[in-house]
Amino acid sequence: MIVAPLGSGSAGNAYYFESDGTGILVDAGFGSRETSRRLEQVGRKLADLQAVILTHEHYDHIRGAESIARKLSIPIYLTRGTLEASTIDPAQTRTVIFDINSTFPVGELNVHSCRTLHDAAEPACFVIEARDGTRVGIASDLGYVDDAVVRHLRGCDGLFFESNHDLDMLRMGTYPWSLKRRIMSRFGHLSNDDSMLAVQRMLDADLKTLCMIHLSQKNNHESIVRDMASGLLARHGVQLELGIAAQFEATGIFDVVRRRPARPPVPARYTQMALF
Ligand SMILES: [Zn+2]
Ligand SMILES: [Zn+2]
């Protein structure tokens, strides 16, 4: 499975996933022209998108969702809570409601959703699964990582996971106290320390790609996150591909391949099954 973070952080989030001819965007925090520009940076184009899937209604995740969906006549998948809390108009844009903690197909991909704790109406994280069984987890905008989220994301081949802020930088920084308190709450964002503790619980032999996402521009630095993640991997004797998602450009392409032998391929979703 191909995964390309097109941009990650409070100025906009969008992640391109592709497998077996299905291309989707998880979150659409950039307008259609900017999304198109960033897709071109990874050798793709807007027309490759067949669906947009939203984690929650915050503007940095949905800014371009409607314009992209309408331009391409593709659906937006979202929870009812996200739809109702957003400005997306289901009369104008095709929307598909998914239940939180459910599995639903999008083209040749299966999407497993799990609720997260964040100050949004009905926020979700996802495991995206390809036909050969490759599984990639993506979770950002988490105030707290509980057992349900760890269980959901464990055993993935690739993991794209929030590492939002350095606690000291946040405490000493210029944000107003009310905003600092919101970010640090159980419904805010994950500190680097809490993120590494959670990643540690999800490290296993299957994990091949780890990419840290949604870094704060003001209260974090790529080098801090990279050092902490490399240290964690070294302490556990784990070797894998480590990435840090950028905010202002596409980060590049991660080709997530299963370490375990591929499962026997599932028949294509729309083939007619023989009747006996
Ligand atoms: Zn966000
Ligand atoms: Zn958010």
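Would you grab the residues whose amide H sits under 5 Å from the one on residue 244? Only those 5+ places off in sequence or on another chain, please, with H modelled 1.01 Å from N.
Under 5 Å from the amide H of residue 244: 212.
Indicate, rounded to the nearest 5 percent, the antiparallel portion of the DSSP beta bridges found entirely in the chain. Could you put the intermediate results ahead of the total?
Values: 28 of 50 bridges.
In the chain, DSSP labels about 55 percent of beta bridges as antiparallel.
Hey, if you put +1 on the Cβ of every Lys and Arg and -1 on every Asp and Glu Cβ in the chain, which of 155, 55, 243 ends up farthest toward the positive end of that dipole?
Working it through, the farthest residue towards the positive pole turns out to be 155.
What ranking, highest mean first, results for peptides 244-252, 207-215 when packing means the other Cβ atoms within 10 Å averaged over each residue?
Working: 244-252: 18.3, 207-215: 24.6.
Taking the mean over residues of other Cβ atoms within 10 Å, the ranking is 207-215, 244-252.
Where the only charges are on Cβ atoms (+1 Lys, Arg; -1 Asp, Glu), what is the dipole of the range 24-85 about its Cα centre, to the nearest 20 debye? Spell out each step's value before the answer.
Numbers: 9 positive and 8 negative charges, 55 e Å.
With Lys and Arg at +1 and Asp and Glu at -1, about 260 debye.
On a straight-distance basis, which lysines could pair with residue 45 in a cross-link, Cα separation under 22 angstrom, same-chain partners fewer than 8 positions away excluded?
Partners within reach: 71.
Which shape class applies to the range 47-98: rounded if a/c is under 1.5, otherwise prolate when a/b exceeds b/c and oblate if not, where a ≥ b ≥ c are the square roots of the Cα gyration tensor eigenvalues?
Details: a/c = 1.58, a/b = 1.42, b/c = 1.11.
Cα axes put the range 47-98 in the prolate bin.
Does the range 83-235 come out rounded, prolate or oblate by the C-alpha gyration tensor, with a ≥ b ≥ c the root eigenvalues, rounded set by a/c under 1.5 and, if not, prolate when a/b is larger than b/c and oblate if not?
The shape class here is oblate.
Given charges of +1 on the Cβ of Lys and Arg and -1 on the Cβ of Asp and Glu, with all other atoms neutral, how large is the dipole of the chain about its Cα centre, in debye to the nearest 20?
Values: 30 positive and 33 negative charges, 34 e Å.
Roughly 160 debye, rounded to the nearest 20.
Treat the chain as a sphere of radius equal to its Kirkwood radius over Cα pairs and apply Stokes-Einstein at 10 °C in a medium of 1.306 mPa s; give the translational diffusion coefficient in µm²/s, rounded to a whole number.
On the way: Rh = 18.8 Å.
Estimated via Stokes-Einstein, D reaches 84 µm²/s.
Which of the lysines could a cross-linker span from residue 180 if the Cα-Cα distance has to be under 24 Å and same-chain partners fewer than 8 positions apart are dropped?
Straight-distance partners of residue 180: 218.
For the range 16-162, just the Cα set please: Rg and Dmax, both in angstrom.
That works out to 14.3, 39 Å for Rg and Dmax.
Positive end of the charge dipole of the chain (Lys, Arg +1 and Asp, Glu -1 on Cβ, about the Cα centre): tell me which of 144, 88, 75 has its Cα farthest that way.
Value computed over the given set: 75.
Only the coordinates and a few stated rules stand behind these numbers; no lab work does. From a predicted model like this one, the values you see are computed outputs, not experimental measurements. Cβ coordinates were reconstructed from backbone atoms using ideal geometry, including for glycine residues, and neighbour counts include every protein chain displayed.
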